[in-house]
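The values are calculated or read from the model by the stated rules, or taken from the named source; none is laboratory data. No experiment lies behind these values; they were computed from the predicted model shown. All Cβ positions, even for glycine, are placed from backbone atoms using ideal geometry, and neighbour counts span all protein chains on display.
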Amino acid sequence: MNFFKKIFTKNTSSKSIDDCGSSKYMPADDIPVDEQFMLKFTEKNGKFLYCDNIQEAHEAFENILIENDWSNAEVCCLQNTIKAEFSDYNLKFSTNEKASFYLSDCEYLISGIGGILVSSNQLKEKKLYEIPDQLVVIAYTSQLIRDISEGLKGIKHKTGVIPSNITTIQHFGSTKQSDDFMSYGSSSKNLYLLLVEDL
C-alpha cells in the first residue's frame with residue numbers, strides 16, 4: 001500500500017457521508033484507517049511528514065532540526081534504540097523535561113481519534129506533562145490501527161504483557177483543552193510525525 005497514492009486517488013463512485021444523509025457525528029466505518037488517521041491528526045494541528053523509507057525520514061528529521069534551530073540542541077529521549085538511530089545529528093540526549101524537544105517512537109497510531117498510543121516503552125514512568133512540549137515521533141504505516149482496544153491487544157500479543165503507563169497523545173498545537181472535558185489532565189503538544197511506509 002502506498003499511503004499517499006491511496007489518499008490522493010479520487011474515487012468517483014463513493015459518496016460522502018453527507019451525501020448519504022447520515023449525521024456528521026456518526027462514525028464512518030468504511031473510511032480506511034490510514035485516511036481516517038490523516039484527517040483526524042491534521043484536523044488537530046498535528047504535522048506529519050510521509051516518508052517512503054527510513055532515509056527520507058532522516059532527511060525530514062534534519063529539516064525539522066533546521067526549521068526549529070535545534071542543531072546541537074538538548075533532546076529528551078528515553079529509548080536506546082532511538083538514540084542509536086539518530087546519533088549522527090550532534091544532539092545532546094538527556095531525560096530533561098526542559099530539553100528543546102522529545103524524540104520517540106510509539107506503540108500505535110489510532111485512526112479513530114487521530115492520536116498516538118505510547119506506553120512505558122517510550123515514556124518510562126514520565127507523564128505527558130513531564131516531557132517537552134515539542135515532540136518528534138517516528139512511526140510506520142503498519143502501526144495504523146482503528147482504536148485503542150486494538151492497540152492494547154496488539155501490545156499484549158507482541159510482548160505477552162501489557163506495559164504500564166499507557167496513554168495517548170492527542171492534543172496538538174492550538175487545541176483548546178478547556179472546551180473538551182475528555183482532555184482533562186492531558187497536555188497539548190506541538191507534534192511532528194515522521195510516518196514511514198513499510199507496507
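Quick notes
- Residue match in segment 21-36 (condition: at pLDDT 95 or above, aliphatic (A, V, I, L, M) and surrounded by 15 or more Cβ atoms within 10 Å (Cβ to Cβ)): no
- Test: residue in segment 129-140 that is hydroxyl-bearing (Ser, Thr, Tyr), over 17 Å from Thr81 (Cα atoms), in contact (Cβ under 8 Å) with a residue 24 or more places away in the chain and part of a helix (DSSP H, G or I): yes
- The lone exception for Lys47 - which of (1) out of contact with any strand residue (DSSP E or B) (no Cβ under 8 Å at 6 or more places or on another chain); (2) touching a residue at least 12 places away in the same chain (Cβ under 8 Å); (3) surrounded by fewer than 21 Cβ atoms within 10 Å (Cβ to Cβ) it fails: (1)
- With respect to (1) surrounded by fewer than 19 Cβ atoms within 10 Å (Cβ to Cβ); (2) over 13 Å from the mean Cα position of the chain (by Cα); (3) in a helix (DSSP H, G or I), the lone exception for Thr42 is condition (2).
- Test for Thr167: is it at pLDDT below 95, β-branched (Val, Ile, Thr) and either closer than 19 Å to Asp69 by Cα or crowded, with 17+ Cβ neighbours inside 10 Å (or both): yes
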